[in-house]
1. Taking θ as phi - 60°, what are the ³J(HN,Hα) couplings along segment 219-227 by the Karplus curve (6.51, -1.76, 1.60), each to the nearest whole Hz, with x for Gly and Pro?
2. Return the long-range amide H neighbours of Lys154 (sequence gap of 5 or more, or a different chain), with a cut-off of under 5 Å between placed amide H atoms.
3. May I ask you to derive the FRET efficiency for Asp161 and Glu45 from their Cβ-Cβ distance with R0 = 35 Å, giving the value to the nearest 0.05?
4. Going down the list Lys154/Lys237; Lys125/Lys173; Lys77/Lys101; Lys14/Lys188, which pairs span over 27 Å between their C-alpha atoms?
5. Angle between the Cα long axis of helix 2-12 and the longest principal axis of the chain, 0 to 90 degrees, nearest 10?
6. Across every pair of different alpha-carbon atoms, what Kirkwood hydrodynamic radius in Å does the chain reach?
7. At what distance in nm do the modelled label points of Val235 and Leu100 sit from each other, each positioned 7 Å from its Cα along Cα→Cβ?
8. Using θ = phi - 60° and the Karplus form 6.51 cos²θ - 1.76 cosθ + 1.60, what ³J(HN,Hα) does each residue of segment 38-54 get, whole Hz, x for Gly and Pro?
Amino acid sequence: MLIEKFIDYLKIEKNYSSNTLSAYEKDLIEFKYFINENIEKYPIEHAEYKDIRLWIVELVNKNLSNRSINRKVSSLKSFYKFLVKTNTISSSPLLAHSPLKQSKKIQVPFSKEEINSLLDSDSFKGDYRGVLQKTIITFFYFTGVRRIELINLKESDINMDSSTIRIMGKRSKERVIPMLPKLKKSIKDYLNLRLKEFNNKTLEYLFVSKSCSQLSEKYVYRTVNEYFKLVSPKVKKAPHVLRHSFATHLINEGADINSVKELLGHSSLSATQVYSHTSMERIKEVFKNSHPRAK
């Protein structure tokens, strides 16, 4: 089956994550079902652009956002590009397709005050769970890593001697992040407590649950969400907002955007520029110090 071959290609050749593979497969099966149910029962590789247009209209009528629709069509585009590459079809039906216009989505980062008030508070208990969760949030803010990168982090990736952390990013792209003293102390305190909690047991992953298993994505999301409810009125309180905060605060403090790009593990500068919008606090400060009538 072509869809299965394509997913295998993404897994083996492109090193895509399991979540990405699932999303691609779901999109392709959904489109295949659509053409079989609404147009004609023929193989997905024989679909024409008019068929894809009808599917897009169907998705619009289901009130999907333009961003979600573009992502689904992107899955098709990659699939047909693969079919061309393997000489299954001569050309992609999506060659002339233009993505739907979508509004720029600016995520509001946590403020420095919100993060400091949480990390300096007594909201975290002194037991294993409390120390684990505080270390998770500290790690996110001091490194800007993605949620899956934190979950897959191994103890061997932490180098206390050189104060560096090795991160395995998307498509097995490796990067090294410096470990600042406060984060280093936080990790040391956590590891000391972890040794006592699990009777000096050797563990593969750096962060493990109370049951000694690798953390789930849901657990990490819930940790960030629940604690930031205590200090922030923002609607979205996800791990990615901490990544956004990390990048925004660095840039606002004068960090070079290319350096931030390397720290985040982005392959292109355009992906990092999303984080380079100036915060309202910074705008107010510049306005106050620059306007002739402000003094």
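Read-outs throughout are calculated quantities, based only on the coordinates presented, and are distinct from any laboratory measurement. Keep in mind that this is a model prediction, so the values were computed, not measured. Cβ: placed from backbone, ideal geometry, glycine included. Neighbour counts: every protein chain shown.
1. Per residue, the Karplus-derived 3J(HN,Hα) values read 4, 5, 4, 5, 4, 5, 4, 5, 6 Hz.
2. Here the answer is Leu206, since their amide H atoms fall under 5 Å of that of Lys154.
3. That gives a FRET efficiency of 0.05.
4. Long pairs (Cα-Cα over 27 Å): Lys125/Lys173; Lys14/Lys188.
5. So the helix axis and the longest Cα principal axis differ by about 30 degrees.
6. Every distinct Cα pair counted, the radius reaches 22.2 Å.
7. Rounded to a tenth, the inter-label distance reads 1.8 nm.
8. The phi angles translate into 10, 10, 6, 7, 9, x, 4, 5, 8, 5, 10, 4, 4, 5, 5, 4, 4 Hz.
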